[in-house]
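To start, the structure itself, in structure tokens.
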Amino acid sequence: MFPRGVVAYLKLFLTHAALAPAINQMGGREAAGSAPCFSMRCFVPEAIPPTERTRVVRESHRGIYDREAIDKILDEGFVCHVGFSVAGQPYVIPTLYARVGDAIYFHGSAASRMLRNSSQGIPVCITVTLTDGFVLARSVFNHSMNYRSVVALGKAILVDAPEEKLEALRAFTERILTGRWNDARQPNEKELKATSILRLPLTEVSAKIRIGPPEDDAPDYELPVWAGVIPLHLTPGAPIRDEKCDPAIPTPAYAAQYKR
Ligand SMILES: Cc1cc2nc3c(=O)[nH]c(=O)nc-3n(C[C@H](O)[C@H](O)[C@H](O)COP(=O)(O)OP(=O)(O)OC[C@H]3O[C@@H](n4cnc5c(N)ncnc54)[C@H](O)[C@@H]3O)c2cc1C
């Protein structure tokens, strides 16, 4: 009745509601739905058909190309890995990102190797990984992880327009700490100049999701070995005030009550 991706995502959602309530604070991430829109790129297709490059091969039933599911993963994460090749040498660099509409924005020092090369239009591969649990099977071979991940391919485009640059920077801040952008000093002209922002349109993208218990070989279910899942959660600690921060300044709610 439903496409397999939708069924998989519904299953994921229900499993997470039971296994990982802290991870599954989708409500808190709903703000992402009202993301700032840049020009006309806010049209989001319902699904991106896989290409030869993005079709998940192994465990292909875990592959998802549904945009809503992909966006939910992207909006829950905040660190991506940007892969690119320079003179035959692949580099995979971790960095912050934000999804806005149908693009991923990432940024860094204009002088960094990643930004210098990506901005010249070289092909990049951006990966986002959410780790949801260790899966302990009865055999070592069948141990696994529960995860949600996204791989996006394409050419990153350097963002020139100052308003789009500023809006992307705002998205980086607001997606992680809603309210922080207005509290903190805004970037000045010099800081804006020193920051390169790149946009990767979400045109060739896949997600892969593993959920649920271990999958053992039939005879192994008889083994007297504990099997199951150890859920993993990203848990924020209590905020630590900077020594130089005036004690009269109250801790903002987005820091004091930070949740993911
Ligand atoms: C936390 C974590 C741990 C993992 N551990 C292992 C492991 O130990 N061993 C192992 O073999 N695999 C592991 N995987 C799965 C791994 O990411 C690949 O899916 C796997 O190597 C199979 O790739 P493939 O040969 O099917 O596809 P490839 O030919 O490598 O990829 C083809 C296309 O499929 C899509 N794709 C492939 N994998 C993913 C993905 N994870 N997310 C989104 N799109 C994807 C991409 O668009 C890619 O271009 C893990 C994944 C995660 C997130």
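Using a 1.4 Å probe and ignoring any ligands, DNA or RNA, find the accessible area of His107 and quote it in Å² to the nearest 10.
Answer for His107: close to 40 Å² accessible.
As a test question: what accessible area, to the nearest 10 Å², does Ser196 have when a 1.4 Å probe is rolled over all protein chains in place?
Roughly 20 Å² of Ser196 is accessible to a 1.4 Å probe.
Counting other Cβ atoms within 10 Å of each Cβ, which chymotrypsin sites (Phe, Trp or Tyr not before Pro) in segment 225-260 have at most 12 and sit in a DSSP loop?
The qualifying sites are Trp226.
Rg/Rh for segment 67-180 to two decimals, with Rh computed the Kirkwood way over all alpha-carbon pairs.
Reported Rg/Rh (Cα atoms, Kirkwood Rh): 1.04.
Residues in segment 146-163 near a label at Thr127, defined as backbone nitrogen under 12 Å from the 7 Å Cα→Cβ point?
Answer for this model: 149-152.
Ignoring ligands, DNA and RNA, what accessible area per residue does segment 143-239 give at 1.4 Å, in Å²?
Here the per-residue accessible area is 55 Å².
With θ set to phi - 60°, apply the Karplus curve 6.51 cos²θ - 1.76 cosθ + 1.60 along segment 159-173 and write out the HN-Hα couplings as whole Hz, x wherever there is a Gly or Pro.
Ordered by residue, 3J(HN,Hα) equals 8, 9, 4, x, 5, 5, 4, 5, 5, 5, 4, 4, 5, 4, 6 Hz.
Would you mind checking which residues have amide H under 5 Å from Ile197's amide H? H placed 1.01 Å from N; only 5 or more apart, or other chain.
Val159
What FRET efficiency comes out for the pair Val92/Ala248, r = Cβ-Cβ distance, R0 = 51 Å, nearest 0.05?
The value I calculate is 0.70.
When the expected Rg is taken as 2.2 N^0.38 Å, what fraction or multiple of it is the alpha-carbon Rg of segment 141-212?
Compared with the compact-globule rule of thumb, segment 141-212 sits at 1.54.
Gly83's amide H: which non-local residues (gap 5+, or another chain) put their own amide H closer than 5 Å, with H modeled 1.01 Å from N in plane and none for Pro or chain starts?
Counting only residues 5 or more places away or on other chains, the set is Ile93, Cys125, Ile126, Thr127.
Beyond 11 Å, what share of the Cα-Cα pairs of segment 102-148 remains, rounded to the nearest whole percent?
Above the 11 Å cut-off, segment 102-148 has 77 percent of its Cα pairs.
Read phi for every residue in segment 75-82 and hand back ³J(HN,Hα) as whole Hz from Karplus 6.51 cos²θ - 1.76 cosθ + 1.60, θ = phi - 60°, with x for Gly and Pro.
Karplus-based 3J(HN,Hα) across segment 75-82 equals 7, 7, x, 9, 10, 10, 10, 9 Hz.
What span do the alpha-carbon atoms of segment 54-123 cover on each of the three principal axes, reported in whole Å from largest to smallest?
The Cα atoms of segment 54-123 stretch 39, 27, 18 Å along the principal axes, largest first.
For segment 119-260, what mean projected area does the convex hull of the alpha carbons give, in nm²?
So the Cα hull casts an average projection of 13.6 nm².
The values are calculated or read from the model by the stated rules, or taken from the named source; none is laboratory data. This structure is a prediction, so every number in the text was calculated from the model and none was measured. Note: ideal-geometry Cβ built from the backbone for every residue, glycine included; neighbour counts use all protein chains shown. These accessible areas exclude ligands, DNA and RNA; they are computed on the full protein's heavy atoms, side chains included. Shrake-Rupley method; radii C 1.70, N 1.55, O 1.52, S 1.80 Å.
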